[in-house]
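Notes for the one structure printed next.
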Amino acid sequence: MGMTITEKILAAHAGKENVSPGELITAKVDIALANDITAPIAIKKFRESGAAKVFNKDFIALVPDHFAPNKDIESAEQCKMLRDFAREHELTHYFEVGQMGVEHALLPEQGIVVPGDVVIGADSHTCTYGGLAAFSTGMGSTDLAAAFITGETWFKVPESMKFVYSGKLRPWVGGKDLILYTIGDTGVDGALYRAMEFTGEIIESLSMSHRLTMANMAIEAGAKNGIIAPDEITERYVMGRAKRKPVYYRSDPDALYREVREYDCSSLEPQVAFPHLPENVHDVREASNITIDQVVIGSCTNGRLSDLREAAMVIRGKKVAPYVRLIVIPATQKIYQDALKQGLIEIFIEAGAAVSTPTCGPCLGGHMGILAKGERAVATTNRNFVGRMGHPESEVYLSNPAVAAASAVTGRITHPEEVV
């Protein structure tokens, strides 16, 4: 019997010819990742273990992106722990403010993660790298500390679900809409501890940015990982940037799946997830009477250059609506620089937006855009739980960058067609 791409990657890293769902394995890790919230816990556990050094200084990445630049004394102390640990162990992949970006945008951009990798991170959206045909998943800081020491971790091999997307996408519809629609169908626990394998003619035509967006939100369906098979688009993306040689795995034709879901997306409209769950999904036109106070364009989900281009196409020559705040956060320094060169930052500032240095910022209620009681935000982020972006009585609506930009112009949730 054949194996899925997820099973093949795990088998290779476990030193086995094959693995099957439910099997417990120990697998070697290519990249172990942590940020300024989760790394301090892992570092503390590392020190408590008595370990003298990390398993490999080239395979650990520390990125202070959640509360950085430091928003208060506590966050400054947390970031200092990362800095000191990176210096002590001479870590290759430590990114200081000025070089760092949102971790899940930064690592693919820098070629640190490559196809065929096993990537673990003490952050639930580590599943992002599945868009690059890697097996990647989040885990707790204590397990991460053990991986810092041994270079290995254990997994229960997940069952796989196949999602097949056919048709031709309409204007202003992309990866964010596909994954929101999918989560609306499965629910937030519909893929619990399963691998979500995204396939079909639409997936094959998606850019890497859209693929990373889809994999990023697999966790919002409860998945262990999301993954897309490598192809020419994958190969072009990694060419010239990969720090290590990629390995390309693909599912066998006779691989077994727990479930297969097929979607004809030809008539799909931009999607909006209403509070307070990513599964509470509606077509954007169903939300046209909802007024807003804030728009956030950024995050590990939609802060890439193509996202900023899409938003700029909508907002060019227009102004942010009165009493609405538009916050734009490029996900990495390179994205920020490229956006500057292409005139995107000027478009946003002329429209009345505030543009931030790379940070997770408001996505997790950290800083740079906290909501007050009763306020509503449209965000290109990935979660809209109660209190996610501030006050427990605030509301977050999830959308793609074009919808977010259009909503900033009108002051209500808006289809981009209404303003372009």
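A 1.4 Å probe run over the protein chains yields, for segment 1-136, 36 Å² of accessible area per residue, whole-number rounding. Once the Cβ-Cβ distance between residue 354 and residue 244 is put in as r, and R0 is 45 Å, what FRET efficiency do you end up with, to the nearest 0.05? For residue 354 and residue 244, the calculated efficiency is 0.75.
Subtract the Cα-Cα distance of residue 204 and residue 92 from 0.36 nm times their separation in residues, and report this length gain in nm to one decimal.
On the way: separation 112, 0.36 × 112 = 40.32 nm, distance 3.37 nm.
Here the answer is 36.9 nm.
Taking 21 Å as the limit for the C-alpha separation, the pairs 28/53; 318/373; 57/224; 8/245; 45/80 exceed it in the case of 318/373; 57/224.
Please state the charge dipole magnitude for the chain, taken about the Cα centre, from unit charges on C-beta atoms (+1 on K and R, -1 on D and E), reported in debye and rounded to the nearest 20.
Working: 42 positive and 52 negative charges, 155 e Å.
Computed about the Cα centre, the dipole is about 740 debye.
For residue 170, the residues whose modelled amide H falls within less than 5 Å of its own, excluding neighbours fewer than 5 places apart on the same chain, are 268. Here the 3J(HN,Hα) profile of segment 199-208, calculated from phi with Karplus coefficients 6.51, -1.76 and 1.60 at θ = phi - 60°, is 9, x, 5, 5, 4, 4, 9, 6, 5, 4 Hz, Gly and Pro shown as x.
Amide H contacts for residue 102 (H built 1.01 Å from N in the peptide plane; partners 5 or more residues away or on another chain; cut-off under 5 Å): 332, 359.
Close amide H contacts of residue 259 (hydrogens built in the peptide plane, cut-off under 5 Å, sequence separation of 5 or more or a different chain): 162.
Rolling a 1.4 Å probe over the protein heavy atoms of the chain, with every protein chain left in place, gives an accessible area that is 51 percent carbon and sulfur. In a fully extended conformation the segment linking residue 72 and residue 18 would gain 14.5 nm over its present Cα-Cα distance, using 0.36 nm per residue. Working note: Karplus 6.51/-1.76/1.60 with θ = phi - 60° gives segment 33-42 the couplings 10, 8, 10, 6, 8, 8, 5, x, 5, 5 Hz, where Gly and Pro are set to x. Loop-located trypsin sites (Lys or Arg not before Pro) in segment 263-329 (DSSP state other than H, G, I, E, B) with a sparse environment of at most 14 neighbouring Cβ atoms within 10 Å: 319. Each label was represented as a point 7 Å from its Cα along the Cα-to-Cβ direction; for residue 233 and residue 149 these points are 4.2 nm apart. For residue 342 and residue 323, the difference between the fully extended length at 0.36 nm per residue and the C-alpha to C-alpha distance is 4.0 nm. Extending 7 Å from the Cα toward the beta-carbon at both residue 56 and residue 261 defines two label points whose distance is 3.6 nm. Computed from phi, the 3J(HN,Hα) profile of segment 155-164 under the Karplus parametrisation 6.51, -1.76, 1.60 (θ = phi - 60°) reads 9, 9, 4, x, 5, 10, 10, 9, 10, 10 Hz, with x in place of Gly and Pro.
When only DSSP loop residues count, what GluC sites (Glu not before Pro) in segment 2-48 have their Cβ near at most 12 other Cβ atoms within 10 Å?
Values: sites: 7, 17, 23, 48; in loops: 17, 23.
Those that pass, being in a loop and sparsely packed, are 17.
Looking at (i) 75, 51, 39; (ii) 58, 52, 40; (iii) 76, 55, 37, which value of Cα extents along the principal axes in Å comes from a calculation on the structure shown? Checking each listed value against the structure points to (ii).
The values are calculated or read from the model by the stated rules, or taken from the named source; none is laboratory data. What you see is a predicted model; the values in this text were computed from it and never measured. Cβ sites come from the backbone with ideal geometry, for glycine too, and all protein chains shown count toward neighbours. All accessible areas refer to the heavy atoms of the entire protein, side chains included, with ligands and DNA or RNA removed. Shrake-Rupley method; radii C 1.70, N 1.55, O 1.52, S 1.80 Å.
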